[in-house]
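Before any comments, here is the structure.
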Amino acid sequence: MTSWIGLSLGLLILNAPPKETTNKAKESIGKRVFDLTFVNDKGKPAGLSDFRAAPALVLVIMGRDCPVANALIPDFNDLQREHPQVPVLGIYMGPNDAPDLVAMHVKAFAIEFPVLIDREQACLEALGAKRTGETFVLDGRRVIRYHGRIGNRVGYRQVKDKADRADLALALEEVLAGKKVNVATTPVEGCLITDRHTPVKAGVDYCKDIAPILHAKCAPCHHPGTAAPFSLLSYKDAAEHAAMIQEVIQERRMPPWFADARHGHFLNNRALSAREIRTISNWVQSGHKEGNPAEAPVEPVYSPQWNIGKPDQVLRMPTTFKVPASGPVKYQFFYTKTKFQKDMWIQKAEVRPGNRAAVHHLIVSWRYPGSKDPPEWIAASIPGGDPTIFPEGMARRIPAGVELVWQVHYNATGKVEEDQSEIGFVFSDRPPRKQVLLHGLVNNSFVIPPGAPHHEVTAQLGVARDLYILGFFPHMHSRGRDFEYRVAYPDGRSEVLLSIPRYDSNWQATYRLKQPKRIPAGSVLRCIAHYDNSAANPANPNPKKEVVWGEQAWEEMFIGYLDYYLADGF
């Protein structure tokens, strides 16, 4: 009598498409995976960042109705038992994979590893997934190191007692040992995944479909006079860079936004949705047509001068700095006297680099002359950052008689450059209703051991008075791996306020809340970060060196800034 699996595989063989080459798999090797978010089989939000401490991840594309994938479930259970420190994550992405049906499947097949549901089918592009039964090994930095089958025990035409080669297990062991994966791709036999978003939408064009997205999410940085390498205001701009646009949005390198979507709602969120990414990709692949210019939105207008409007006062660095053509450049510090005769209330502040090609980032703070205390932050020019603009009726105080402190990180461009940057202020003409205060949760006593891939550093603050948080600015250097703000409430509840699963020191941003977040007295605010001081971190200046606090780029910092105001006082 033919078993159910034999019959099912037989039917699958009759309808099996030809085995594809592994070109798609080869393209995925070396690709870093952004923080994919899902729901679990209980319908609760989940994401890859929930497993951030794991030295590696194994992702398995599941299929409730695929006999090949189902027949391999015992093998994946075995793998999870053999490597308990490495989560095996089953990912469902079928059109009808609802949580209740997935939960029934988990129970019926006694699945022993966590499962996730990819409702947006983001894994099709993020991983290059095509079939159920496909597996991926991601290393500690979530770079794809293996893409292929678990082995050849089950396929279209065979069910063996044992695979000829344990492809997935061998790849995982090589990754855990820090070795190059000897066989990084293997062909997969399984059921093709139906892409709910195909075929390409007929008539997709720039004017109707693409311009609104680029103007809202990309043009604020990509317009003339900014550090962005090209403008994205017009059809000509977008069409000229269409292929590169598709690549960077699929890899989530652009727009630069790193907050976990499950925590907090942010005013300056520039992330693209899965639908927006697919729309742009479809436009590129279908010939990036212009469409009817009469249907295009009006191009946004950006001032060639100041984004905050005409400043009430502009202050400059005291001298011009010459940036060498090559080699490392230490952080430079400059000091400018404000000559303020009275306390000033800042409603807006914008830092403008004098030479955007040479200035990587620039932070302007204030301090009393001769003070040894850390300076108080005012504003910054940082890739992906925004001017400092406070809500109506709110402002930040700069006391009379202070000096500005300019901390500038310069990049060598290949030729000698000169810079004299400036900051513009828009002042409130009267004391505000609420004073915006700044606090940094700081830990400057950490020691990161040589080679440590996931070293934790924390800081916390007890809240003595009710307050409202307006925004966050986490700050680390090149070894920074992730950063999180949490609050423990007096009633025992806890909440993640902001999570940055993939911190990137090249794109430091302020995360401004849509609505102020009330934090009651008696709460404890906590910042938790991890540092990657291993050789696997390509930005690590020296993985063999113990790392401590320092202001230079090759040292490290830990600061969790908060903008806030007090609920019961000025």
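Points to keep in mind about this one:
- Residue 13 being at pLDDT 90 or above and under 24 Å from residue 154 (Cβ atoms): no
- Among the residues making up segment 118-128, those that are in contact with a helix residue (DSSP H, G or I) (Cβ under 6 Å, 6 or more places away or on another chain) and either closer than 11 Å to residue 62 by Cα or not hydrophobic (A, V, I, L, M, F, W, C) (or both) are 120, 125, 128.
- Exactly one residue out of 393, 327 is at positive phi and touching a Lys or Arg at 6+ places or on another chain (Cβ under 8 Å), and it is 393.
- Against the test of being among the acidic types (Asp, Glu), farther than 30 Å from residue 282 by Cα and surrounded by 14 or more Cβ atoms within 10 Å (Cβ to Cβ), the options 161, 205, 167 yield a single qualifying residue, 167.
- Listed by first and then second residue, the pairs linking a residue in segment 41-58 that is surrounded by fewer than 17 Cβ atoms within 10 Å (Cβ to Cβ) to a residue that is charged (D, E, K, R), with Cβ atoms under 6 Å apart and 6 or more places separating them unless they lie on different chains, are 45/262.
- Leading residue by the ranking (surrounded by the most Cβ atoms within 10 Å (Cβ to Cβ)) among those in segment 280-312 that are closer than 20 Å to residue 351 by Cα and in contact with a Pro (Cβ under 6 Å, 6 or more places away or on another chain): 308
- Looking across segment 470-502, just one residue is farther than 22 Å from residue 515 by Cβ and of a type in the set (Ser, Thr, Tyr), and that is 478.
- Across segment 533-555, the number of residues qualifying as of a type in the set (Asp, Glu) and at pLDDT below 95 comes to 2.
- Residue 178, sole failed condition from (1) within 17 Å of residue 56 (Cβ to Cβ); (2) surrounded by fewer than 16 Cβ atoms within 10 Å (Cβ to Cβ); (3) over 31 Å from the mean Cα position of the chain (by Cα): (3)
- Pairs meeting the criteria (first residue in segment 463-490 and free of Cβ contacts under 8 Å to residues at least 40 places away in the same chain and in the same structural domain as residue 520 (by TED's automatic domain parsing), second residue surrounded by fewer than 23 Cβ atoms within 10 Å (Cβ to Cβ) and basic (Lys, Arg), beta carbons under 9 Å, at least 6 apart or on different chains) are 487/493; 487/517; 487/526; 488/526.
- In segment 368-382, the residues that are assigned by TED's automatic domain parsing to the domain that holds residue 399 reach residues that are part of a strand (DSSP E or B) and aromatic (Phe, Trp, Tyr) with C-beta atoms within less than 7 angstrom, at least six apart or across chains, in these pairs: 375/366; 376/366; 377/561; 378/366.
- Count of segment 491-541 residues, restricted to those that are surrounded by 19 or more Cβ atoms within 10 Å (Cβ to Cβ) and without any contact (Cβ under 8 Å) to a residue 24 or more places away in the chain, is 0.
- Residues being modelled with pLDDT of 95 or more and at positive phi - total across segment 279-323: 0
- Filter result for residue 350 (in a strand (DSSP E or B) and either within 24 Å of residue 221 (Cβ to Cβ) or not acidic (Asp, Glu) (or both)): yes
- When residue 316 is tested against the conditions (1) buried (at least 17 other Cβ atoms within 10 Å of the Cβ); (2) more than 29 Å from the chain's Cα centre (by Cα); (3) of a type in the set (D, E, K, R), the lone failure is (1).
- Any pair with Cβ under 9 angstrom, 6 or more apart, that starts in segment 146-157 at a residue that is without any contact (Cβ under 8 Å) to a residue 40 or more places away in the chain and ends at one that is in a loop (DSSP other than H, G, I, E, B) and of a type in the set (Asp, Glu): 152/164; 152/189
The values are calculated or read from the model by the stated rules, or taken from the named source; none is laboratory data. Bear in mind the structure is a predicted one, so any value in this text is a computation, not a measurement. Ideal geometry is used to build each Cβ from the backbone, glycine not excepted, and the neighbour counts take in all protein chains shown.
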